[in-house]
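For reference, the structure is listed below as structure tokens.
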Amino acid sequence: MARIRELKPKDLRWRCPLKHFQFKDTDGLEGVPGPIGQERAVAALDFGADIRSEGYNVFITGTSGTGRNSTARTELERRAKDMPAPDDWCYVYNFEDAHQPRALRLPAGMGPTFRDDVARMLTDMRQMLGNVFESDEYNDKRDAIIKEFRQERNTELQAFEQEAQEAGFALGRSPAGLIVAPAVEGEVMTPQQYGDLKDEERQQLDAKREELQQKLGEIMRRGQRDEKETREHVRQLDQEVAREAVEPMFEELRGKYAAVAGVLEHLQRMEADLIENISMLRRDDDEGVPPGLPPQLMMGMQQKNPLERYEVNVLVSNDPENGAPIIDEANPTLDKLTGEIEHQAQMGALVTDFSLITAGALHRANGGFLIVEALQVLLRPFAWEALKRALKNKEVKIESLSDQYRFISTLTLEPQPIPLDIKVILIGNPFIYYLLYEHDEDFGKLFKVQADFSTEIARDDDALQQYAQFIAHVARRDGLLPFERSAVARVIEQGAELAGDQQKLTVRLLDIADLVREGSFWAQKSGRKRVQAQDVEHALEQKVWRSNRIEELIFDMIQEGTLMVEVAGEVAGQINGLSIMQLGDYMIGRPGRLTCRTFTGRTGVIQIDREAKLTGRIHDKGMLTLSGFLGDRFGRNEQIQLSATLSFEQLYSELEGDSASSTELYCLLSSLADAPVKQGIAVTGSVNQMGEVQPIGGVSRKIEGFFKTCKLLGLTGDQGVIIPASNVRHLMLQQEVVDAVADGQFHIWSVRTIEEGIEILTGIPAGKANKSGDYPEDTIYGRAQQRLRQIAEALREEHRRERENEDEENDEPTKPLSEGKPKPEKKRRSR
């Protein structure tokens, strides 16, 4: 007789004892924001944040709702506030190559100050230069230089003109410049007068004119050289005046930023360039813009202020009092990570300069921590490779997605890369972590620390207290009603139910926080001052009611007979199996009829759903396990031959999982032994080749689904569910089911072997084989063994008859030898 255990009400649900709590309500309890039971993950995060060696970035794994993000943020903030603030970074004009802006490094908080100082200096400089170059002293010096040039040029031209007049010529103007022409009484000779001259006179005039024209050309060339020298003298004057004006301003800045080497070098180059190009800087901003254009075109054509090239673009600045930065980038595109070079439209083209460079998340987090969702960065084109490249090269190089797909002409820049010192915290589920570790050779080198957040913790006294403190924290933070001890206990029980284990609690605190908010809401609706256990229960009921419309439709079909389920009587080769439907965050347990038919044949066990490709690989594995079990029980001394078909009736979707394998085996044994199965008992559990019943998932929902079916069709007191013994600790059944078990209206049995289960289902013991391998005739195995032997005998008899028929068809009547003897051939005579 197999040892069969029927579960008692105390086995079906864990109750949180109120004796663990000494408070009246959560107002008298110190709140703790969490995390709960994540010591391993927090320690790994701390290790990754502290160690300064290369490649020790952190990948946080765990499911959503376990506090991954909030814990990472809290732990990093605690650490970052004690870290030094990183330096500021600025981009400035590169006077050697305008397309490669230079990066300036300044102490934390000094970047905006330097920018403002430079801007203030440029403003003052512009006003001062305007005053200097408009002063009488400057104009006198400039006029003296120009006057000296003009005086020398005029003297030379006057002497030449006198020489020409004496030779009978005059100076005239043409589009090409000054020319020498024959003259009469000081007036240029007309064509008619020139034509009236004799040939000899014309030849003499032409020769003299050519001579004078050459001499005039030499004078003009000397004048151009002198004019160039004059412009150079004026430029030198401008530079000298500018140097005297701006040098004190730069000296002031150099004194203020003497300790910043990069700034001093830039100021030196800036001063030299400003003095060198002082003439260009004196132009008006609106110079060269045609009048009367629409404002939109004027904005596009308007020249930029020449002094803007000396301004400072503060890329990133850090407050020296706030410690290291923590950047949580929710949209980690390539531009958002590495920065962007913006462009402006001018005359149909996109142009840019160093002032349009914007910082990315890597720039802002430099010297601190960058938090990124792993899936988000993997989904963005080129972002993952750019992130790895920055970590490997230890520098941030601005990369733009438009550079990868450039369809129009743009003026591009190549800013100087910025050194990178950062800790990257990737957050994702374990699947992404293991996928990257397996297929990305750089991943293991760059992310050497895994902080694994668990979904559940052991239920001990410390965990209960932490749960209560977390409930107090949520209630106080969100302005909710305080929770009584009974309400706290009910929330904790729901934590065990979500964990699916009486000995554990879920640490998906997002779900717990939602239940706390909803419990407070319904208590408020009821006019209570504190949340009671019934309010939490009502919140759970309302959540189910909002999600179970499909479940109600299914059970309506069961009640009306559209879905055929029997919960009374006995039928051989028919049993109720239990399955799970997952609809979003709601799980439905529903029964389904499994039937089996066995008959003479050699095809073996055929699963109709599998042949119709309605099953998954895990289910198929469980189905194939049955062959090993049958061989172990009945095929040690003789060959098993049979044909059997199994089918889940009214199954129209894919079936996956091995939780039905024990159900299929029970049904097969019932059909083989012709032993009726009690239809009021449903079964779940997987089985191995030794006949051991193994645990499955969703056991509480499956039991509740069958109980609901029995309740709809009528409770008889003989109904129940058989579950694996190893699933007993996972039971967190609704109180209605527990009460029905206590009243004897419903039963739950736990079994360890197929033998225990088949005895409950049929009321007949499975049987134990003797030394010869035979089972008693009045047992399930004995009856199944006799049936298998009958099938084998029938097949042997059929085979014998087939052999006899083949022999009869091959036998023919024997003919006399004389009739069958061939005549001898005559011998040929040789010649």
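The figures follow:
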item	result
Anisotropy class of segment 74-134 from Cα gyration tensor, a/c 1.5 cut	oblate
Neighbour cut-off at most 13 other Cβ (10 Å), DSSP loop, GluC sites (Glu not before Pro), segment 639-744	E654
Kirkwood hydrodynamic radius of segment 622-772, Cα pairs, Å	16.4
Selection from A44, A119, Y91, by position along the positive dipole direction of segment 21-124 (Cβ)	A44
Stretchable slack from E395 to T358, in nm (0.36 nm times residue separation minus alpha-carbon distance)	11.7 nm
Rg to Rh, two decimals, where segment 124-234 supplies the alpha carbon set and Rh follows Kirkwood	1.22
Inverse mean reciprocal Cα-Cα distance (Kirkwood Rh) of segment 692-823, Å	20.0
Helix-only [θ]222 nm of the chain, DSSP H runs n ≥ 4, -39500 (n - 2.57) each, per residue, nearest 500	-15000 deg cm²/dmol
Estimated FRET transfer efficiency (E152, T190; beta-carbon r; R0 35 Å; 0.05)	0.50
Segment 1-147: mean projected area of Cα convex hull, nm²	23.7
Angle between the chain longest axis and helix 617-634 axis [Cα atoms, degrees, rounded to 10]	30
Residue (of H799, A766, I754) at the positive-pole extreme of segment 734-801, dipole from beta-carbon charges	H799
Prolate/oblate/rounded call for segment 7-53, Cα gyration tensor, a/c under 1.5 rounded	oblate
Solvent exposure of segment 1-146 as accessible area per residue, Å², 1.4 Å probe	53
Surface per residue (accessible, 1.4 Å probe) for segment 564-644, Å²	50
Candidates per trypsin sites (Lys or Arg not before Pro) in segment 510-588, loop by DSSP, up to 13 other Cβ within 10 Å	K529
Longest DSSP-loop-exposure-free segment, chymotrypsin sites (Phe, Trp or Tyr not before Pro), the chain, at most 10 other Cβ within 10 Å	1-404
Cα gyration tensor shape for segment 435-511, rounded if a/c is under 1.5, else prolate or oblate	prolate
Per residue, in Å², the accessible surface of segment 189-275 once ligands and nucleic acids are set aside, probe 1.4 Å	63
Using alpha-carbon coordinates, inclination of helix 199-256 to the longest axis of the chain, degrees	50
Heavy-atom accessible surface of the chain: percent carbon and sulfur, 1.4 Å	48
Relative contact order, percent, the chain [alpha-carbon distance under 8 Å, six or more residues apart]	16
Convex hull projection area averaged over all views, the chain, Cα basis, nm²	89.9
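The values are calculated or read from the model by the stated rules, or taken from the named source; none is laboratory data. Treat the numbers as computed from the prediction; the structure is a model and nothing was measured. We place every Cβ from the backbone using ideal geometry, glycine too, and count neighbours over all the protein chains shown. Note: areas computed on protein heavy atoms with side chains; ligands, DNA, RNA excluded. Shrake-Rupley method; radii C 1.70, N 1.55, O 1.52, S 1.80 Å.
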